[in-house]
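Some notes on the structure that comes next.
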Amino acid sequence: MPGVEVPQWYAIFAPAKTDPAVVEKLNAALNQALADPQVSAKIGEQGAEVRRSSPAELGAFVQSEVQRWRQLASRSRLAAN
């Protein structure tokens, strides 16, 4: 479809009822690893861009993606069977 961009992104998710303290600990460890220049460089070699964030930022991003694709499906008259 003209004007539609489909960027690829990756994230790590935990089950919905995961203890927030565990989520924060995992997020801190992941952000620490992604801050390592060697890790960042290796990811960059594969054509990806490292973006560190918080669980709240990821949640907001995912919700915006869901809304974006919902609107696109609606405009395109796509429906799930």
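Output the residues belonging to region 30-59 that are open to solvent by 60 Å² or more (accessible area, probe 1.4 Å), in a helix (DSSP H, G or I) and either of a type in the set (A, V, I, L, M, F, W, C) or within 30 Å of PRO2 (Cα to Cα) (or both).
Scanning region 30-59 gives LEU30, GLU45, ALA56, GLU57.
May I ask you to verify whether GLN63 is within 19 Å of the chain's Cα centre (by Cα) and loosely packed, with under 10 Cβ neighbours inside 10 Å? I'd like the intermediate steps shown before the answer.
Details: within 19 Å of the chain's Cα centre (by Cα): yes; loosely packed, with under 10 Cβ neighbours inside 10 Å: no.
In short, no.
Working only within region 1-29, note down all residues that are of a type in the set (S, T, N, Q) and outside any loop (DSSP other than H, G, I, E, B).
Here is the first cut: in region 1-29, the ones of a type in the set (S, T, N, Q) are 8, 18, 27.
Scanning region 1-29 gives a single hit, ASN27.
List every residue pair whose Cβ atoms sit under 8 Å apart, with the two residues 6 or more apart in sequence or on different chains, where the first one lies in region 1-28 and is touching a residue at least 60 places away in the same chain (Cβ under 8 Å) and the second, anywhere, is among the hydroxyl-bearing types (Ser, Thr, Tyr).
From region 1-28, the pairs are MET1/SER76.
The values are calculated or read from the model by the stated rules, or taken from the named source; none is laboratory data. Computed from a prediction, not measured in an experiment: that's the story for all the values here. Neighbour counts are summed over all protein chains in view; Cβ atoms, including those assigned to glycine, are modelled from backbone coordinates with ideal geometry. Heads up: the accessible areas ignore ligands, DNA and RNA and are worked out on the full protein's heavy atoms, side chains in. Shrake-Rupley method; radii C 1.70, N 1.55, O 1.52, S 1.80 Å.
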